[in-house]
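Nothing in this text is a laboratory measurement; each read-out follows from the coordinates by a stated rule. No experiment lies behind these values; they were computed from the predicted model shown.
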């Protein structure tokens, strides 16, 4: 079995003091942030028939057409992005082993995205990419 280490009361006390110091600093930072935000914030009451200026008003235009692509949604309302192709490969060196990574081009709707993924996982899920 593994070796057990027991924490002494000194270590527990020191850790508790450090945690308390961090909590106080976080509260101070939150308070400072709120005070800066509150300086610029003000309550405004409007009455019926008051005239107000609305910035960024949308003006309807028949040329504003949204193009969309339908996607297949699962029962739980999620969907899976599909990889398009492998763009690059590299080896990532960890402490005691190397991991092969691949740069994958993903496409969902009209958006393209690239991410680095583990090659072994991609090969098992999408073998058609490695043909």
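For the chain, the calculated P(r), taken from all Cα-Cα distances in 5 Å bins from zero up to the bin holding the longest distance, is 2, 6, 7, 7, 7, 6, 6, 9, 15, 14, 9, 5, 3, 2, 1, 0 percent.
Pull out the extension gain between residue 125 and residue 29, defined as 0.36 nm times the separation in residues minus the alpha carbon to alpha carbon distance; nm, one decimal.
30.0 nm
Using alpha carbons only, the radius of gyration of the range 82-130 set against its Kirkwood radius gives Rg/Rh = 1.03. In percent, rounded to a whole number, the relative contact order of the chain is 13, using alpha-carbon pairs under 8 Å and six or more apart.
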